[in-house]
Structures are given as structure tokens and as C-alpha cells.
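Okay, structure first, notes after.
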Amino acid sequence: MAEATQPNSDHEEDSGRRDFLNYLAIGVGAVGAASFAWPIINSMNPSKDVLALASIEVDLSQIDVGSAIKVVWRGKPVFIRHRTEKEIEEAKAVDISTLIDPETDADRVQNADWLIIVGVCTHLGCIPMGTADGEPRGEYDGWFCPCHGSHYDSSGRIRKGPSPTNLLVPTYTFLTDSTVRIG
Amino acid sequence: MRKFGLSIAAAALLTLGVSSQASAATGAHPPTTDYSFTGFFGSFDRAELQRGLQVYKQVCAACHGMDLVHYRDLVDLGYSEDQIKSFAATFQVTDGPNDDGDMFDRPAEASDAFISPFSNDKIAAASNGGVVPPDLSLIVKSRANGYGGIGQNFLAMLQIKGYASGTDYVSHLVGTGYIEEPTLEDKMVCMPQNAGETDAAYKTRIEEHQAPPGTYFNKWFAGCYFKMPQPLYEDSIEYEDGTPATKEQMAHDVAVFLTWASEPAFETRKETGIKVLLFLAVFTGLMIAVKRNVWRNVKH
Amino acid sequence: MSNHPAPNFKNPVIRWVDSRLPVFSYVHAEYGVFPMPKNLNYFWNFGALAMVVLMVMILTGIMLAMQYTPNVDLAFNSVERIMRDVNSGWLLRYIHMNGASMFFIVVYIHIFRGMYYGSYKNPRELLWILGVVILVLMMATAFMGYVLPWGQMSFWGATVITNLFSAFPLIGESIVQWLWGGFSVDNPTLNRFFALHYLLPFIIIAVVALHVVALHVVKSNNPDGIEVRGPQDTVPFHPYFTAKDSLGLAVFLFIFAFFVFFAPNYMGHPDNYIEANPLVTPPHIVPEWYFLPYYAILRSFVDGWWIYEIFFGWWSEAKLAGVLAMFGSLIIVAVLPWLDTSKVRSCRYRPIYKWAVILFLINFIILGWVGGKPAEEPYVTIAQGATMYYFFHFLILTPLIGWIERPKPLPASISEPVLKAGSGAQFAGASAAKMEKS
């Protein structure tokens, strides 16, 4: 043991080179361990089959003016409302400086007739009511979240209650006048 | 000590060899072909894959499904997303129930799995003389039994032959296996001699063996009499790329395509493997230096 | 456990923790300054390698369990989804699949090293028995893991192995139904195998911990099989064996990676890529390669074999005899410390027993080879001969050679052969040193 721990014949230069060798080995080993860790971590990310379903196409031709549908996109509901003239007017008429999360209606729709939003309350993730006929639509003619009483208007903006932000607008494109691809 | 080391090494080699011995040897193995996907750097030939897909679509898909492969996977074959989308749209898939509670047909999308020709196994069996045509997603991988003996398999493994023995089997089964008037030699290939059977008894047995009704002689099918009629004939399809559609060409292409389908990650796997082995070679070299350095003053 | 005083840590946080929970002192004592015989050769790497493989298996296994579905209708496809759709899923699965084989290769070499150098002898008997317990737990884990992909070999392997228990008289049938949770291998079986396959590795970790504690009490054996006489015979674990084990690990990982990336199914069976079908048995069922020797022992016992007729025929069916012999073949390894009558540990100094151990290894390989062959002549006779030799080695040869053999003179200390080697005398220790240097 003694002979091992006292490299009596080594020059300092030599021991410096040897230290470098050890650090290099540790470094390369660490790189290897990290490259092994990445596929393990990455395996928990959305897989190919999940990503393949990440966009859906919706046929809008069956939705009458004044009604709304719920479709499932990425495991969450998306509300698509065919808005009436009155609802569009209401949404546009709001003074945005009075809003909790100021956004104009024009920023939230591509085509004023169609409001497309993710139907998950931005407070704690409940599903707001107001999509199906006869459900309470809150004080602002939009949606009402029963969990903690958030009121959303006909543009899906938060008007009253604990939610911090407006209902999210997913990325979507109109493929034709009556079909839209969400995602 | 050295002898012990040698015997351990021999043990390891033998054990590795033993492990891969094929399931009960079913006669001779089809001749081997050199495929582009063998070896450390081998990869699939895109043209072969695309032609193979065409053979699958126009011939095999009439009876065989491929449930584990999705249209979206065809990007690997060199198709663009739009091409895949329009390819998928040529198939109808049953979806539903819709809001009225009815099932409905819609064009397939890229995210759908390959459409099966039969909606369930019972229909499949009823339309095919009582036998369900097997799903082809894993056909090559599940037939890659190797090349026979322990030694041969071990050498093939070192040459990174991968699933080539399965590709050979599938290719020859549909390409060269069907023989209308088999000779005794042909029959001996698919009907091996039983243990303890005399040569004379064996000969009489295979000479007298009659083809069961509804079967077709196939030299590479264990037991000789195959329920699948010959699927490929000269020019039974017209290749989009103009390659002459000989029986062997179609068999080769579809077998390569099915090899890809057995493991779409095949090429990624080998590319990653090269990098990993290079890295480990460097790391091993470094560790040899470190170890020598650490032990330099110890007499042992 | 070590005589070294606790180190004086400079970092105040480490000092604070260590004075309350001495983990740092423990690591320092057990893996820092821990005295290791300095003549250990590369066969002493395999314990550390087994530990690394166990960790890799648990890590990849947990990730796979997140994607796998233990249901007879979904299991096969969920595994294929891992292979095709999950990010790097093919990598995790192939590491796990080949890791099982690597684990057995490493552990088998580890065990044979113990047999050759007498690592099971006083005072290391309990250490050895804990090792055999780990082997048995590994086998149970590997068997249940192989069922999970729900291929043909999974299903029929599970059917055949669980049916072994039906050999026990009176209660056999009830045991088998209890194992199955039904009247055949089916969904309840798959579910419980998944649960147990996830559980057992953690029990293995616990036994490994005991194995390591026992090792650090009795300390490592060495190729000369003699006691450490003093500090001149040892080197501290770090950096000497951290460096040596890391080098072994690098070489091992290279081989492991070769299989994972270039021959991932070489050690598997292609029939397992056919989904389980309870109505069709594959023509030739074989277990995974690491079970083949035991499978050969199991199948050797048939009516009419004279060994069977003499020892079992008058009280047991051949089926039960085979099962008992198979379990016996593992138990007999555990009692090896009491079967070996020699006082000398290492085969370096046992000119006859050395050959007996090498023959045992060859016989074990032959058993593995016939285990993979169909149950027909000449394989049945070979299997029966090899089975006989397996037990003959433990029950007759090992005690007998211990009595009659005249061992070579042992060196006075571990350092001695090294010092003398310089004067030209041929010592076994010198050749070991040469091998490491070349």
C-alpha cells in the first residue's frame, strides 16, 4: 500500500498529465452516462402514435348558428361555437381595458362566425358549462365554470371569477369554409 | 488461470451459440441472398421497399393484414406526408359509432393502422378454407430462425445478418417454393426423415404421401402442403418504377418490405449502434490507460 | 467494519450530514480505503458487473412498465408499440431483453469463479448461500419477465413451467390452479406475473445488500485462496479497484452494446414474435438459454432410466423425480461449502480438483446444449449422462478429491509469489499478473 500511494519517482509534470488522464476518463464517462440517460427520459415524452393524433379535422357544416359542439383534441375538449350576430357584437363591443386578461375578439378568432377554444377552465382545469343547449352560460353569454364560478364571455374571455386568463385558443386552420384542422 | 480463462471463453461462445439454435430443424434452409440491410452499415434500398409495398398492396393485402404498421410509418420508405395522406385515403376504414350510434366508413388517415382485409378472425378463416391468413407485421422477424447449426448461426450473427434468414424464407416461400410437379428431391426438402426411420421407409412414405385437398405443394413450407395458393406470377403486377416484375423480383421486394415492417427502428438501431460502439471503444482505451496508470507501482 | 478512522471531511455540509448519518464515512470505509487483496484478477470484476446490470435492468424495466399493458388482449401489441412508437422504446426493450441474458452470463462466470478459487469455503459459506438465493430469485424474475410479451414462447413456457408443480402428489393440481388463478395460463396469470416481475428485483436488491455486507465482513477471497497477512498484501479499493472495475465495465458494455444494437434477437426465440395462441403449441418449445441446463436435467428423468429406477422409481413418478432433481441441482450448489472436504481454497494449488471443476463447466455447457435439442436420441442419453455427472461432481467427486488429493504447497503470503517470480520460478500468480499487464 505504501509503495502505491507514494509515487516517489514521478516528476510533477508526469503527475499533472496523469491527473488530466483521470479527469478525461471521468468526463468521457459522464458524457456516456448522460447519453444513456437521455433516451430513458425521452421515452416518457409523447410517442409517435400520440403525436400522430395531435391534430384533428372537424366538419363544421352540421353546426347551426347559435349552437356549439364539443370535440376531443389531445384528450381535452375543444368548444366550437357558431356565433350569432348578437354574440359577435357583444364580443366586439367590450372595452378591453376593463378585462382581466385584455384581448380583442379579433385576436381570438380567424373567422368571426366561429369561436374555437380549448374548453378547460384556466383556473384549475374543470370543464366550463354552456356548450350544450340549456346549460347555464354565465352572466356574459359565454360559459360558466361550476367549480369555482368563473364567467366567460362569448369570446371565451374571463370576465368574473378566479380564473387568471382567457380560455385558450388552439392553433387551427380552415381547410375549406366548412372544415377546420385543429392542431 | 489461463486455462480457466480459455474454458470460460469457450463456454461463453458455446452458450451464445446454443441459445440461437433454431426451432426443430424443418428440413433444408432456402438459399441465402445478399441483402442491402446486412452488415454494420447496411440499410434498406428505398426502391426495393417502395416496390415491396406495391406488391403487398396489390397482392398480399387481399388476404393478409398488417395491423402493427401505420400509414404514417411509410415516411421511412421515402414518401412525403402528402403522398402518405393520399395513399391512406384510398382505403376505407370503419369508424364510429357516430352521434346517431351508427358505424360509418371514412377514408383512412395517416394515423390509422394498415387496413385489414377481414374485420375479424372468424370471417378470415371462413373465407380462406378454415385458416386465418397470418398478420404480416412480424412475419420476417418471427421466421428468422437462423441458418441451421450453432456455428453457422454464430458466424451469421458476427456478420450482422440480422433478420436475413427470415427474409430468405419469405422470399423463397412465395418466389420459388411452388412446384406443380414436385420430384422426390423437392419433397425431401420439406418433409425430413424421422429419427430412426430407414431410408427405404422414408422414401416410400414421401412417395406415397398425397396432397390433402385444398393445398399446394411448396418446397420451403414445413410439411410441403401449403394452404396458400401461389400468389405471384410473372408480371402479375406492373411496377410503378418500370422494373420488370419477374416472380423472383416481386418475391425479393416484398420480403425486404416485410423485413422493414418487422422492425421499422432497424436502421436507427444500427446507426445508433455504430456511435455507441465507437464511444465505448474510446472509453475502453481511456480506461486501459487509467488502470495502468493507477496500478503502475503495484507489484502483483 | 473497517479499522480506518472516519475521515475529516472539509465540506461543512458533508460534515454536518455525516455526524448525523454516517453515509459518507461508510462509503469512505467500504469503497474508499477498504483493503482489497492486490492479486485479484479480472474474474473479480464480475460481481461489480452484475451490480451494474441489475441497476440497468431496474432502470429500463421501470421505463418499460410505464408503457406496457398486462392484459392478454393488449400485452403483445403494447410491446410492439414500445418497439415502434415509443421514443427509443426499441432501445429500452432490447437493453432489457439482452440485459437478462447478460445478467446470467455475468452471474454464471461469477459463480464459476467462486467454484474455481474456493470462494465458498470457511468463512464465506453464508456469502455463497446468499449468492445462490440471488440466482434463484433472478431465475424467477427472468421466467416471469419472459411471459410478459405474451408471444408463443411466453405462453407455452409459462404453461410448461407452471405445470411442473402438478408433479407434486395430492396438492399438485391445486397449486397449479392457484398459480394460474384459473384453469389455464390466462389474464390473471399474466397480471400476477407482471406484479411479481416488478416486485422481485427489489427483493434481489435487498439480498444483494446482504451479500455485500457479508462480503465486507469476511472480505474478498483471492486467486491464491490464502488469507491476507497484512497491509503489504492489500491495496485500497479506491483508486485501484474503481479503475480496474471501470475497465472491466467498459469492455463488458462494449459486448452488451454489440448485442443490443447488432444482434438483439440472437439470444431470443423468433416464435416469441407470434402472439400467444392457446390452441397451437409451437413444434419445439425451449426455454431461454440460461435455463437450458436445468431443463435438460428435468427432461432426463424418464421411465426406464436406471438412475431413475434405482433412486426414485420405487416411490415417485418420473415427472416428480425430474422436478425434484431440477430444484435439487440448485440446492446442491448452496451446500457446496460442506461437500468440499479440502482445506485448500484455490484450484491453483489443487492439481486434481482443478480439472474436476473444468470438467464440471464443460458438462454444464453440454447440459445447456442438449437442453435446447429435441427430446430424442442421442440427446436423451447425452442429457442423462450429463445429469448424472452434474450430481456425481457434487456428491462424489468433490468430497473424494478433497480427501485423496495432495495440494501443492501454499505460498506464505499473497506478496510472496510476486516477489519470487522475479527469480524465474514459475508461479501461478506470476502468469496472472502477466495477463493483466499484456
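The values are calculated or read from the model by the stated rules, or taken from the named source; none is laboratory data. Note that the structure is predicted; figures quoted are calculated from it, not measured. Positions of Cβ are generated from backbone atoms using ideal geometry, with glycine treated the same way; all protein chains shown enter the neighbour counts. SASA here: full protein model, heavy atoms, side chains in, ligands and nucleic acids out. Shrake-Rupley method; radii C 1.70, N 1.55, O 1.52, S 1.80 Å.
Treating only the Cβ atoms of Lys and Arg (+1) and Asp and Glu (-1) as charged, compute the dipole magnitude of chain C about its Cα centre; round to the nearest 20 debye.
Dipole size: approximately 1740 debye.
Normalised per residue, the accessible area of the range C:296-407 is 45 Å², obtained with a 1.4 Å probe and no contribution from ligands, DNA or RNA. Ligands, DNA and RNA are left out, and with a 1.4 angstrom probe the accessible area of the range C:32-285 is 35 Å² per residue. Only one residue of A:Ser163, A:Ser15, A:Val28 has its Cα farthest out toward the positive end of the dipole of chain A, where Lys and Arg carry +1 and Asp and Glu -1 on Cβ, and that residue is A:Ser163.
Entry note, chain B: relative contact order of 25 percent, from Cα contacts under 8 Å with a spacing of 6+ residues.
For a 4.7 Å threshold on C-beta separation, the list of partnerless cysteines in the protein assembly as shown reads B:Cys60, B:Cys63, C:Cys347.
Is the C-alpha gyration tensor of chain B telling us rounded, prolate or oblate? Criteria: a/c under 1.5 is rounded; beyond that, a/b larger than b/c is prolate, otherwise oblate.
Since a/c reaches 1.5 but b/c is at least a/b, the shape of chain B is classed as oblate.
So if I place +1 on the C-beta of Lys and Arg and -1 on the C-beta of Asp and Glu, and nothing else carries charge, what would the dipole magnitude of the protein assembly as shown be about its Cα centre? I want it in debye, nearest 20. Intermediate values should be presented prior to the final figure.
Working: 68 positive and 86 negative charges, 1154 e Å.
Result for the protein assembly as shown is approximately 5540 debye, rounded to the nearest 20.
The relative contact order of the range B:199-300 comes to 10 percent, based on Cα pairs under 8 Å that sit 6 or more residues apart.
Estimated from helical segments only, the mean residue ellipticity of chain C at 222 nm is -19500 deg cm²/dmol, where each DSSP H run of four or more residues counts as -39500 (n - 2.57). With unit charges on the beta carbon (Lys/Arg positive, Asp/Glu negative), name the residue among C:Leu249, B:Tyr239, B:Ala124 whose Cα is farthest towards the positive pole of the charge dipole of the protein assembly as shown. Final value for the positive-end residue is C:Leu249. Of the residues A:Pro146, A:Val72, B:Ala164, the one whose Cα sits farthest towards the positive end of the charge dipole of the protein assembly as shown is B:Ala164 (charges of +1 on Lys and Arg Cβ, -1 on Asp and Glu Cβ, taken about the Cα centre).
Return, ordered by residue number, the residues of the range B:31-64 whose backbone nitrogen is under 19 Å from a label point located 7 Å along Cα→Cβ of B:Thr246. Hits in the range B:31-64 for B:Thr246 at 19 Å: B:31-36, B:47-49, B:51-52, B:55.
Take every Cα pair under 8 Å whose residues are at least 6 apart in sequence, average their separation, divide by the length of chain C, and the relative contact order is 21 percent.
Taking a ≥ b ≥ c as the square roots of the Cα gyration tensor eigenvalues, with a/c under 1.5 meaning rounded and otherwise prolate when a/b beats b/c, else oblate, which class fits the range C:296-407? Before the final figure, lay out each step's value.
Details: a/c = 2.58, a/b = 1.76, b/c = 1.46.
The shape class here is prolate.
Between B:Leu278, B:Leu136, B:Leu158, the Gaussian network model of chain B with springs among Cα atoms under 10 angstrom shows the greatest mean-square fluctuation at B:Leu278.
The GNM of chain B, with springs linking C-alpha atoms under 10 angstrom apart, assigns the highest mean-square fluctuation among B:Phe104, B:Phe87, B:Phe266 to B:Phe104. With an a/c value of 1.5 or above and a/b not larger than b/c for the gyration tensor axes a ≥ b ≥ c computed over the alpha-carbon atoms, chain C is described as oblate. Note that the range C:247-264 has calculated 3J(HN,Hα) couplings of 5, x, 4, 4, 5, 4, 4, 4, 5, 4, 5, 4, 5, 4, 9, 10, 8, x Hz, one per residue in order, obtained from phi through the Karplus relation 6.51 cos²θ - 1.76 cosθ + 1.60 (θ = phi - 60°); glycine and proline are x. Give me the percent of accessible area attributable to carbon and sulfur for chain C, probe 1.4 angstrom. That share works out to 71 percent. Accessible area of A:Ser35 (1.4 Å probe, protein heavy atoms only, ligands and nucleic acids ignored): about 70 Å². In this entry, the protein assembly as shown is assigned a mean projected area of 51.2 nm², taken as a quarter of its C-alpha convex hull surface. Spin-label model, B:Ser127/A:Ser35: points 7 Å from Cα along the beta carbon direction are separated by 4.9 nm. The trypsin sites (Lys or Arg not before Pro) of the range C:208-279 that meet both conditions, a loop assignment by DSSP and at most 15 other Cβ atoms within 10 Å of the site Cβ, are C:Arg229. Top mean-square fluctuation among C:Glu173, C:Glu376, C:Glu30, Gaussian network model of chain C, C-alpha springs under 10 Å? Of C:Glu173, C:Glu376, C:Glu30, the Gaussian network model singles out C:Glu376 as fluctuating most.
Would you calculate, for chain B, the mean residue ellipticity at 222 nm contributed by helices, counting each DSSP H stretch of 4 or more residues as -39,500 (n - 2.57) and dividing by all residues, to the nearest 500?
Numbers: 11 runs with 133 residues, N = 300.
It lands at -14000 deg cm²/dmol.
Starting from the Kirkwood radius over alpha-carbon pairs of the range C:32-285, derive D by Stokes-Einstein at 10 °C in a medium of 1.306 mPa s and give it in µm² s⁻¹.
Numbers: Rh = 20.1 Å.
Calculated translational D: 79 µm²/s.
Once you list every other residue whose beta carbon is under 14 Å from the beta carbon of C:Ser246, what net charge do they have if Lys and Arg are +1 and Asp and Glu are -1? In short, +2. Note on the range C:32-285: with charges restricted to the Cβ of Lys and Arg (+1) and Asp and Glu (-1), its dipole about the Cα centre is near 640 debye.
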